[in-house]
Amino acid sequence: MDQIRVRCAVIRGGTSKGVYILANELPSDPKKRDRVILRIFGSPDVRQIDGLGGADPLTSKVAIISRSERPDADVDYTFGQVSLTDAFVDYSGNCGNISSGVGPFAIDEGLVKAVEPVTRVRIHNTNTGKILIAEVPVKDGKARVIGDCRIDGVPGTAAEIKMDFADTAGAVTGKLLPTGNPRDILDVEGVGPIEVSLVDAANPMVFVRARDLGLRGTESPAEVNNNKDLLNKLEAIRSAACFRMGMVKSASEATKKSPAFPMLAFVTQPVDYRDFTTGRLIPADSVDIVSRCMFMQVMHKTYAGTGTCCTGAAALIPGTVVNEVLRESAKTADVVRIGHPAGVISVEARVEMGPSGPILKRAIFSRTSRRIMDGYVYIPKDSVEE
């Protein structure tokens, strides 16, 4: 009886992996809840050796799910980014990849009735207050797993889940363009002035030209993550953007209080490069833009789902640094193809200009998901009690 147990499932959602937990399995008190979550993952510890975390920001994610009382939603979903280095769970934004596992989890847990062949799950993301729509293929009362949808960054194929993030403009800041401008100049300590675009769709992001950082834009995760000076520079820019967006009281506290969001991406025009995982060529004509996304102070090995929506939106807003490097033919197309370190991710996006600025009308991308295991995770009592 030295340990308590918590029922959960480990699910791959898109190119991330997380622990999915029913809300009633966790303490209602936020401080106690976070102590339990940290212990489940084995944090803080960069190896997360004594928990379920995978020693990587992309596998240190939690999804807390319950039935929703909102008339426009089926389930409530809270996303948490569990720090490897600090006793901290960041709830300041959402994760699009982890979101793609919420619909299948809700169906398989009986929170949403399965309707063949596709069940539409309305997800209220409590982090942002926005509604996400997941179209989940089902069979015999359960979410389907087997299918022919392939996403770069995940081996093999699986059933396609369509995620609709059209309702997520201004997810955190309340505005698609938080400052009202397609471009801003940030005066970054230790870096100097740098031109950026600040956009908030699904999650807030700061975009900068790769060349303004002295980069090609096709760097691999290892090239960036092994360059401490570059990491510090990128985090300084992200922190300044976090402050400019009004998410923290000063840039100096951004890394501690909002380490996950906004995300930073550096972009360049379509060029040839190689998938860092396999070495295969990603030809320039297969993408409309090349981008590298920073997440939790390191480079994302693929691309964030919410970042996909935000990048698609930013690409179609005239005047942004993203629109500047976007393939010309894509500026009037329905799909934006984003080249990331392990391949390509596409987003169906549409932005219309209104009297007070751009309006996000469409943001749909495809993901896959698979339940890997479920059961009980055990944590020592003395690690979570006062």
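Points worth noting:
- Residues that are in contact with a helix residue (DSSP H, G or I) (Cβ under 6 Å, 6 or more places away or on another chain) and of a type in the set (V, I, T), drawn from segment 233-254: V248
- Taking segment 111-206 as the region of interest, none of the strands (runs of 3 or more DSSP E) fully inside it holds 2 or more residues being modelled with pLDDT under 95.
- The single condition among (1) farther than 20 Å from S366 by Cα; (2) in the same structural domain as I65 (by TED's automatic domain parsing); (3) surrounded by 18 or more Cβ atoms within 10 Å (Cβ to Cβ) that I131 does not meet is (1).
- Beta carbons closer than 7 Å, at least 6 apart along the sequence or on distinct chains, pair a first residue in segment 314-327 that is under 16 Å from P178 (Cα atoms) and in the same structural domain as E195 (by TED's automatic domain parsing) with a second that is surrounded by 20 or more Cβ atoms within 10 Å (Cβ to Cβ) and charged (D, E, K, R) for V321/R209.
Quick grid of which residues meet (1) in the same structural domain as V347 (by TED's automatic domain parsing); (2) touching a Pro at 6+ places or on another chain (Cβ under 7 Å); (3) over 24 Å from M163 (Cα atoms):
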| position | (1), (2), (3) |
| --- | --- |
| L215 | yes, no, yes |
| A236 | yes, no, yes |
| E253 | yes, no, yes |
| R274 | yes, no, yes |
| G279 | yes, no, yes |
| A284 | yes, yes, yes |
| G312 | yes, no, no |
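- Taken together, the residues in segment 276-302 that are of a type outside the set (S, T, Y) and assigned to a loop (DSSP other than H, G, I, E, B) amount to 10.
- The numbered conditions (1) among the aliphatic types (A, V, I, L, M); (2) assigned to a loop (DSSP other than H, G, I, E, B); (3) touching a strand residue (DSSP E or B) at 6+ places or on another chain (Cβ under 7 Å) are all true for V248 except (3).
- For segment 315-330, the set of residues classified as in contact with a helix residue (DSSP H, G or I) (Cβ under 7 Å, 6 or more places away or on another chain) and either surrounded by fewer than 17 Cβ atoms within 10 Å (Cβ to Cβ) or farther than 16 Å from P270 by Cα (or both) consists of I317, T320, listed by residue number.
- Test: residue in segment 57-66 that is in a loop (DSSP other than H, G, I, E, B) and surrounded by fewer than 21 Cβ atoms within 10 Å (Cβ to Cβ): no
- Scanning segment 1-18 for residues that are closer than 18 Å to R150 by Cβ and polar (S, T, N, Q) returns T15, S16.
The values are calculated or read from the model by the stated rules, or taken from the named source; none is laboratory data. Given the structure is predicted, the values throughout are model-derived calculations rather than measurements. Neighbour counts are summed over all protein chains in view; Cβ atoms, including those assigned to glycine, are modelled from backbone coordinates with ideal geometry.
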